[in-house]
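**Student:** Handing you this structure, nothing more for now.
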Amino acid sequence: MFDNIEIAENDPVFCVFENFKADQNPRKINLSVGAYRDEFENPVIFKAVKLAEKLISENKEYTQITGISQFNNLAAELIFGQKNINTNHFFTCQTVSGAGALFLGAQFLAKFLPHKIIYYSQPTWVNHHFIFEQAGLEMRSYRYYDEKTRGIDEDGFLEDVRAMPEGSAILLQVCGHNPTGLDPSEELWTKIFEHLKALPFFDMAYHGFASGDIEKDTFPIRQFVGTTRKDALVAQSRPVPEIFRIFRISGFSGLAQSFAKNMGLYAERVGTLSVISAAGNAKAAGSQIRQLVSATYLNPPCHGAKIVKTILGDCDLKKIWLDELHDMSNRIKEMRIALKANLEKRGSKKCWSHIIKQTGMFCYSGLNLGQVQELREKYSIYMPNDGRINMSGVNPKGLFRGPRPIAGKQK
Ligand code: PLP
């Protein structure tokens, strides 16, 4: 019965990481998976996380299907910048990190979206394809990266946004775009929201890593729902249409949030899925999502959510966390400057200014497949085939290790 099953495609980024781990070269460099490394190449556990873990009371009981409610409220406040968010218009639910939130949202869209089409930036995170196709949606691309300028193709992007039909969806990365490191400017976001007819599904996996400031990185969302205007979301305040001042859409929009990167909780699998309903139907949408959770894993894991809840609910811990995040983002910025300077110092005549113009964890280096393979084979430097570099994998030791191929590696 199962004789004809074909081997499914593996996540190419994790494949590169596996190859890196198997490489015996002591001077190997890992620039693959999007996880933060300090200047000594070590993974980091945030101080705030260690402190929070000491305060957590453990039990192994089920939580609720939608997760720990205090966590959900604090996580929603982080996204939307307001307390007491109007539950007719907003629903937030704990998820199995960002990928879990995307998959739940994808399943929701596959059930309720009139046209089963979602548009994604060309290029996008490779797992987006797996997630939305698995859920049964058709994926179509919109123009994003311009190879000539190594920037965003703004005209192409807007033209494609205008052409997307009502009843379809668009996947928008909020900040630290994976893999290009290119984020729309505030002006471009405004234009996108003005022209949008498709329902936006925001993916926010790197907030805090782009600018070093969570508030700045969540700006597109605040702008979208109108929270840049004081009190817009507070339960008892304004009438519905005013909340969605930019947004002419009467349907839903969604947001997947991850705490994997910005709290270093990769393995804890903690995130949220939010639904924003202009028509005030968020409770019904939430009930559908609750049922999807029940059918998938019944209850989310708790430990990571308790850490996040403890940090977000305590001013001192929150400050420690935000400072650490700011420092990490700064280290990445310093490495961008150093990498560019070093390439130039070593005599490269190519223009490398895109390295410092891009933001977040990634640099879309512009290296082609042949160059990526050569770096891997001759120098034990590992990155995905598209030339995306995890900038936190760049450190002074790696940068200054010398231009020669590593002994024994040269073919
Ligand atoms: N979205 C993007 C763009 C990502 O790059 C990632 C992880 O690399 C995620 C979402 C989800 O990450 P996680 O499931 O670890 O929260």
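Read the figures in this text as sums done on the coordinates, not as results from a lab. The structure presented is a predicted model; accordingly, all values stated were derived computationally and were not measured. Methodologically, a virtual Cβ is constructed for each residue, glycine included, from the backbone with ideal geometry; neighbour enumeration extends over all protein chains shown.
**Student:** How compact and how long is the chain, expressed as Rg and Dmax of its alpha-carbon atoms in Å?
**Tutor:** Values for the chain (Cα only, Rg and Dmax): 21.5, 70 Å.
**Student:** With the dipole of the range 1-80 worked out from charges on the C-beta (+1 for Lys and Arg, -1 for Asp and Glu) around the Cα centre, which of 16, 51, 2 lies farthest toward the positive end?
**Tutor:** Result: 51, furthest along the dipole toward the positive end.
**Student:** If you place +1 on the Cβ of every Lys and Arg, -1 on the Cβ of every Asp and Glu, and leave all else neutral, what size is the dipole of the chain about its Cα centre, to the nearest 20 Debye?
**Tutor:** The calculation lands at about 860 debye.
**Student:** How much length is gained if the chain between residue 343 and residue 110 is pulled fully straight, taking 0.36 nm per residue apart and subtracting their Cα-Cα distance, in nm to one decimal?
**Tutor:** Gain in length upon complete extension: 79.2 nm.
**Student:** What are the extents of the Cα atoms of the range 153-233 along their three principal axes, in Å, largest first?
**Tutor:** Principal axes ranked by extent give 34, 33, 20 Å for the Cα atoms.
**Student:** Right, something else. Note down the relative contact order for the chain as a percent, whole number, built from C-alpha pairs under 8 angstrom at least six residues apart.
**Tutor:** Over the chain, the number comes to 26 percent.
**Student:** Taking GluC sites (Glu not before Pro) as candidate sites, keep only those in a DSSP loop with at most 12 other Cβ atoms within 10 Å, then name the longest stretch of the chain containing none of them.
**Tutor:** 148-411
**Student:** Give a quick list of trypsin sites (Lys or Arg not before Pro) in the range 293-366 that DSSP marks as loop, anything other than H, G, I, E or B, with at most 12 other Cβ atoms within 10 Å.
**Tutor:** Filter output for the range 293-366: 346, 349, 350.
**Student:** Now for a different question. In whole Hz, with x marking every Gly and Pro, tabulate ³J(HN,Hα) for the range 125-142 from phi via Karplus 6.51 cos²θ - 1.76 cosθ + 1.60, θ = phi - 60°.
**Tutor:** 4, 4, 5, 4, 5, 4, 4, 6, 5, 4, 6, x, 8, 7, 9, 10, 8, 10
**Student:** Net charge near residue 302, counting Lys/Arg +1 and Asp/Glu -1 over other residues with Cβ under 9 Å of its Cβ?
**Tutor:** With Lys, Arg at +1 and Asp, Glu at -1, the net is 0.
**Student:** Run the simple label-point estimate for residue 166 and residue 5 please: 7 Å along Cα→C-beta, distance reported in nm.
**Tutor:** 4.4
**Student:** Still on this structure: Loop-only chymotrypsin sites (Phe, Trp or Tyr not before Pro) in the range 59-125, please: DSSP not H, G, I, E or B, and at most 13 other Cβ atoms within 10 Å.
**Tutor:** Filter output for the range 59-125: 62.
**Student:** Run the quick spin-label model on residue 53 and residue 399: label points 7 Å from Cα toward the beta carbon, then report their separation in nm to one decimal.
**Tutor:** Simple spin-label model gives 3.0 nm for this pair.
**Student:** Now a separate question. At 222 nm, what value in deg cm²/dmol follows for the chain if DSSP H runs of at least 4 each add -39500 (n - 2.57) and the sum is divided by all its residues, to the nearest 500?
**Tutor:** Per the formula, -12000 deg cm²/dmol.
**Student:** Show me the trypsin sites (Lys or Arg not before Pro) within the range 111-150 that DSSP assigns to loop and that have at most 12 other Cβ atoms within 10 Å of their Cβ.
**Tutor:** Passing sites in the range 111-150 are 148.
**Student:** Suppose R0 equals 60 Å; then what is the FRET efficiency for residue 299 and residue 194 from their Cβ-Cβ distance, rounded to the nearest 0.05?
**Tutor:** The pair residue 299/residue 194 has a calculated efficiency of 0.90.
**Student:** State the antiparallel share, in %, of DSSP beta bridges confined to the chain, rounding to the nearest 5.
**Tutor:** Roughly 50 percent of the DSSP beta bridges within the chain come out antiparallel.
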